[in-house]
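Peer 1: The following block contains the structure, expressed as structure tokens.
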Amino acid sequence: MIDFKHVTKEYGDTVALEDATIHIDQGDFVFLVGPTGAGKSTFIKLISKELEPDSGEIIVAGKELSKMSNREIPIHRRDIGMVFQDFKLLDNKTVFENVAFAMEIVHCSRRTINRQVPQMLSVMGIEDKANNFPQELSAGEQQRVAIARAIINNPRILIADEPTGNLDPDTAWEIMELINTINRRGTTVVMVTHAKDIVNRMGKRVVAIDRGRIVRDNRGGEYGYDD
Amino acid sequence: MIKSALYSIKQAFKQMFRNKGMTFASIFAITAMMLILSLFLFLSVNVEYLTETVKNQFGTIEVFLLDETSKDQAENMIVSFKEMDGVEDAVYVSKEQAMEEFKIRWGDNAYLLNGLTENPLPNAIRITLSDLNSGDIIARFCATVQGVEDVRFYRDEVGKVVRISNIIQRGALVVIAFLVIISIVVVSNTIKLTVMARENEITIMKYIGATNWFIRGPMFFEGIIIGLISAAVSVGLSSLIYVRLCKVLGDQAFRLFSTQLVMPQFLITNIVWIFLALGISIGACGSIISMRRYLKA
């Protein structure tokens, strides 16, 4: 599903990613760990084609990104659901509208939207918040809205950038269970995290990046170091 | 295609309504600019019109005849004048006709002329020039013809009027160009503020996979709608101003230049189209320009 072949990305003198080669299968669940500034964010920005690599080849969902025209980027991004630490919800839209927004972008009909959004909200356990604004929700609820928005168009890949970073441990676990459910339905998950307990308890594949290099990649791995 | 355009328009209205303050500020700014613009446009058009009238009025040579010159002699003169280069037409104006014209020009004060016991005006031949430059030669020739008392040709006066009107025209043009530039800057700044306020939204839209036109569409229509509203308001206001101006200044202008101001109906129908086009393009350009930065992949 995601293939990096000898990918290097530099910002001036700093090397963000150096000769990275990795293969992530469809349905994989990958934790991306490593110190701040190690190149984790660069890694996921390369997947969504927010950044261009200096050298190497990146293939996502069967498409080689360097051969993709600007016109195709939006279509490519619809294959990827994104979840962020700060949720990135639109404050002036209700919960319903925030999720519906993602469907409007792909020109779904009103009827489909009105049918699917409540369904998704109830899967996320926030069906009663549909008409609330994000500011009226708890952090955990906001992240649920963000996840609902990320997966409503059935993307093949879910990228989560420290999704539990702003949550207390219990809420973090609820979110992790949701993401795990999504993964079990067949969605490939790449999650950047600093949460040691979560990584250790989930027992998924762990890829460690340090100073731009992939230093470790093992299944059923542990967080492996102290921050 | 139509569906997404409709979606954009709907979103545009929603956004305008949610950002009432910003919408109002933009409309106010553009309307103000257009109003000032319209005043200069009125000035420019009227000066142009005035100059044309003056040129026509004074692009003539008046050949005053001696009282003893007969009508037949005058007719002969007309035939010979008409053969000259630069002469478009030559007509005989009897002293009675001249008096009538005088009375019209004096308007309300014409009763003063009634006191005259005898018509003091001479018979005349009025030569219309097709080429102002040959006026001098023709005027000099006319003066030598027998039976002619005096020749009047207002070459210098016409030249002065044309020069002054050119200066005013050019000044107005500079001011208009200046105002258009200012209004584009103001509009693109206002829209830039809207876009900046929505930077977050644009980022999110891009993450979800919105195409550039999906993002641009609503703002594009927002610009156009704001432009249209401003155009409508400023056309309405400037029409009102012009109609009033004509009422107040119309008589004065007539007395001073013996010509009317340009008809309000004529000017307003033209201004409607100019302003609608201007409003739409200011709005559309403003929004496209100010969004460009945010839409690079």
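What follows draws every value from the coordinates through simple rules; no lab data is involved. From a predicted model like this one, the values you see are computed outputs, not experimental measurements. A quick note on method: Cβ atoms are made from the backbone with ideal geometry, for glycine too, and the neighbour counts reach across all protein chains shown.
Peer 1: Which whole number gives the average, over all residues in A:64-70, of C-beta atoms from other chains lying within 10 Å of the residue C-beta? Each step should come with its number before you reach the end.
Peer 2: Working: counts 0, 0, 0, 0, 1, 1, 4.
Taking all residues of A:64-70 together, the mean is 1.
Peer 1: Return a whole-number percent for the relative contact order of chain B, with Cα pairs under 8 Å and 6 or more residues apart as the contact set. Write out the running numbers ahead of the final one.
Peer 2: Values: 339 pairs, mean separation 88.1, N = 297.
Relative contact order comes out at 30 percent.
Peer 1: Next question, about the same structure. Projecting each Cα onto the charge dipole of region B:60-153 (Lys/Arg +1, Asp/Glu -1 at the beta carbon, about the Cα centre), which of B:LEU66, B:ILE127, B:ILE104 comes out farthest on the positive side?
Peer 2: With unit charges placed on the Cβ atoms, the residue in question is B:ILE104.
Peer 1: Test of understanding: ordering B:TYR92, A:TYR223 by Cβ neighbours within 10 Å, fewest first, what list do you get? Don't skip to the answer; put the middle values down first.
Peer 2: Details: B:TYR92 15, A:TYR223 19.
With the sparsest Cβ surroundings first, the list reads B:TYR92, A:TYR223.
Peer 1: Taking a ≥ b ≥ c as the square roots of the eigenvalues of the Cα gyration tensor of the protein assembly as shown, is the shape rounded (a/c under 1.5), prolate (a/b larger than b/c) or oblate?
Peer 2: Numbers: a/c = 5.11, a/b = 3.44, b/c = 1.49.
Prolate is the answer for the protein assembly as shown, as a/c is 1.5 or above and a/b outweighs b/c.
Peer 1: Could you give the angle, 0 to 90 degrees to the nearest 10, between helix B:155-197's Cα long axis and the longest principal axis of the Cα atoms of chain B?
Peer 2: 10
Peer 1: A:ASN131: net charge of surrounding residues, Cβ under 12 Å, Lys/Arg +1, Asp/Glu -1, itself excluded? Don't jump to the answer; show the numbers that get you there.
Peer 2: Numbers: positive: A:LYS93, A:LYS129; negative: A:GLU97, A:GLU127, A:ASP128, A:GLU136.
So the environment of A:ASN131 carries a net charge of -2.
Peer 1: Can you classify region A:17-67 as rounded, prolate or oblate using the Cα gyration tensor, where a ≥ b ≥ c are the square roots of its eigenvalues, rounded means a/c under 1.5, and otherwise it's prolate if a/b beats b/c and oblate if not? Working shown, then result.
Peer 2: Numbers: a/c = 1.85, a/b = 1.14, b/c = 1.62.
Judged from the Cα gyration tensor, region A:17-67 comes out oblate (a/c at least 1.5, b/c at or above a/b).
Peer 1: Right, here's the next one. What does the charge add up to near A:ASP161, with Lys and Arg as +1, Asp and Glu as -1, over the other residues with Cβ less than 12 Å from its Cβ? Intermediate values should be presented prior to the final figure.
Peer 2: Working: positive: A:LYS40, A:LYS45, A:LYS88; negative: A:GLU50, A:ASP86, A:GLU162.
Computed value for this residue: 0.
Peer 1: Report the label-to-label distance for A:GLU50 and A:ASN166 in nanometres (one decimal), using points 7 Å from each Cα along the Cα→Cβ vector.
Peer 2: Those two pseudo-labels are separated by 1.5 nm.
Peer 1: Which of the listed residues, B:VAL145, B:SER188, B:ILE164, is farthest toward the dipole's positive end in chain B, when Lys, Arg count +1 and Asp, Glu count -1 at the beta-carbon?
Peer 2: About the Cα centre, the residue reaching furthest to the positive side is B:SER188.
Peer 1: Hey, another quick one. Among the DSSP beta bridges whose two residues both lie in the protein assembly as shown, what percent are antiparallel, rounded to the nearest 5? The partial results should precede the final answer.
Peer 2: On the way: 35 of 53 bridges.
Antiparallel: roughly 65 percent of the beta bridges in the protein assembly as shown.
Peer 1: Then there is this: Please arrange B:ARG163, A:ARG144 by counting, for each residue, the other beta carbons lying within 10 Å of its beta carbon, fewest first.
Peer 2: Working: B:ARG163 11, A:ARG144 25.
Ranked by crowding around the Cβ, least crowded first: B:ARG163, A:ARG144.
Peer 1: To continue, here is another question. Give the angle, between 0 and 90 degrees and rounded to the nearest 10, that separates the Cα long axis of helix B:199-208 from the longest principal axis of the Cα atoms of chain B.
Peer 2: Compared with the principal axis, the helix lies near 60 degrees.
Peer 1: Would you tell me the mean number of C-beta atoms belonging to other protein chains that fall within 10 Å of each C-beta in A:83-95, as a whole number? Walk me through the numbers before you get to the answer.
Peer 2: Values: counts 1, 2, 0, 0, 1, 6, 2, 5, 2, 7, 2, 0, 0.
Mean shielding count: 2.
Peer 1: A follow-up question, please. In region A:90-154, what is the volume of the convex hull around the alpha carbon atoms, normalised per residue and reported in Å³? If you can, show how the numbers build up before the last one.
Peer 2: Numbers: hull volume 4.8 nm³, N = 65.
Taking only Cα atoms, region A:90-154 has a hull volume of 73 Å³ per residue.
Peer 1: By count of other Cβ within 10 Å, fewest leading, how are B:SER230, B:SER165 ordered? Intermediate results must be reported in sequence, preceding the final value.
Peer 2: On the way: B:SER230 27, B:SER165 19.
Taking fewest neighbouring Cβ atoms as first place, the list is B:SER165, B:SER230.
Peer 1: Any number yet on Rg/Rh for chain A, C-alpha, Kirkwood?
Peer 2: Here the Rg-to-Rh quotient is 0.97.
Peer 1: If R0 is 35 Å, what FRET efficiency do you get for B:LEU35 and B:ASP108 from their C-beta distance, rounded to 0.05? Walk me through the numbers before you get to the answer.
Peer 2: Values: r = 34 Å, r/R0 = 0.98.
The calculated FRET efficiency here is 0.55.
Peer 1: With a cut-off of 8 Å between alpha carbons and a minimum separation of six or more residues, what is the relative contact order of region A:23-150 in percent?
Peer 2: It comes to 25 percent, rounded to a whole number.
Peer 1: Moving to a separate point now. Helix-only mean residue ellipticity at 222 nm, chain A, DSSP H runs n ≥ 4 weighted -39,500 (n - 2.57), per residue, nearest 500. What is it?
Peer 2: -9500 deg cm²/dmol
Peer 1: Distance from the Cα centre of region B:119-149 to that of region A:74-146, in angstrom?
Peer 2: Computed from Cα coordinates, the inter-centre distance equals 88 Å.
Peer 1: Placing unit charges on C-beta atoms (Lys and Arg positive, Asp and Glu negative, everything else neutral), compute the dipole magnitude of chain A about its Cα centre in debye, rounded to 20. Don't skip to the answer; put the middle values down first.
Peer 2: Values: 29 positive and 34 negative charges, 188 e Å.
So the dipole magnitude of chain A works out to roughly 900 debye.
Peer 1: Okay, moving on. Treating only the Cβ of Lys, Arg, Asp and Glu as charged (+1, +1, -1, -1), what charge dipole size does region B:60-153 show about its Cα centre? Round to the nearest 20 debye. It would help to have the intermediate numbers written out before the result.
Peer 2: Numbers: 8 positive and 18 negative charges, 31 e Å.
The calculated dipole for region B:60-153 is roughly 140 debye.
Peer 1: Okay, next question. If the cut-off is a Cα-Cα distance under 25 Å, which lysines reach A:LYS45, setting aside same-chain residues fewer than 8 apart in sequence?
Peer 2: A:LYS5, A:LYS9, A:LYS63, A:LYS67, A:LYS88, A:LYS196, A:LYS204, B:LYS206, B:LYS296
Peer 1: Let me spell out the model: positive unit charges on the Cβ of Lys and Arg, negative unit charges on the Cβ of Asp and Glu, origin at the Cα centre of chain B. What dipole size does that give, in debye rounded to 20?
Peer 2: Values: 28 positive and 26 negative charges, 655 e Å.
The calculated dipole for chain B is roughly 3140 debye.
Peer 1: Express in whole angstrom the spacing between the alpha-carbon centres of region B:190-219 and region B:13-45.
Peer 2: For region B:190-219 versus region B:13-45, the Cα centre distance is 23 Å.
Peer 1: Could you point to the residue in A:LEU90, A:ILE151, A:GLY125 farthest towards the positive end of region A:90-154's charge dipole, with +1 and -1 charges on the Cβ of Lys/Arg and Asp/Glu respectively?
Peer 2: A:ILE151
Peer 1: While we're looking at this one, here's another question. ³J(HN,Hα) across region B:209-220 via Karplus (A = 6.51, B = -1.76, C = 1.60, θ = phi - 60°), whole Hz, x for Gly/Pro?
Peer 2: Working through the residues one at a time gives x, 6, 6, 4, 6, 5, 6, 6, x, x, 6, 4 Hz.
Peer 1: For peptide A:104-116, compute the average count of partner chain beta-carbon atoms within 10 Å of each residue's beta-carbon.
Peer 2: Numbers: counts 7, 9, 5, 4, 0, 1, 0, 0, 0, 0, 0, 0, 0.
Mean partner-chain Cβ count within 10 Å for A:104-116: 2.
Peer 1: At a threshold of 8 angstrom on Cα-Cα distance, excluding pairs fewer than six apart, so keeping six or more, what relative contact order does chain A reach in percent?
Peer 2: Details: 415 pairs, mean separation 64.2, N = 227.
Once normalised by length, the contact order is 28 percent.
Peer 1: Check A:LYS63: other-chain or 5+ apart residues with amide H under 5 Å from its amide H, H built from backbone geometry?
Peer 2: none
Peer 1: At a Förster distance of 56 Å, what's the computed FRET efficiency of B:ALA197 paired with A:ASP19, Cβ-Cβ distance as r, to 0.05? Before the final figure, lay out the partial values.
Peer 2: Working: r = 42 Å, r/R0 = 0.75.
It comes to 0.85.
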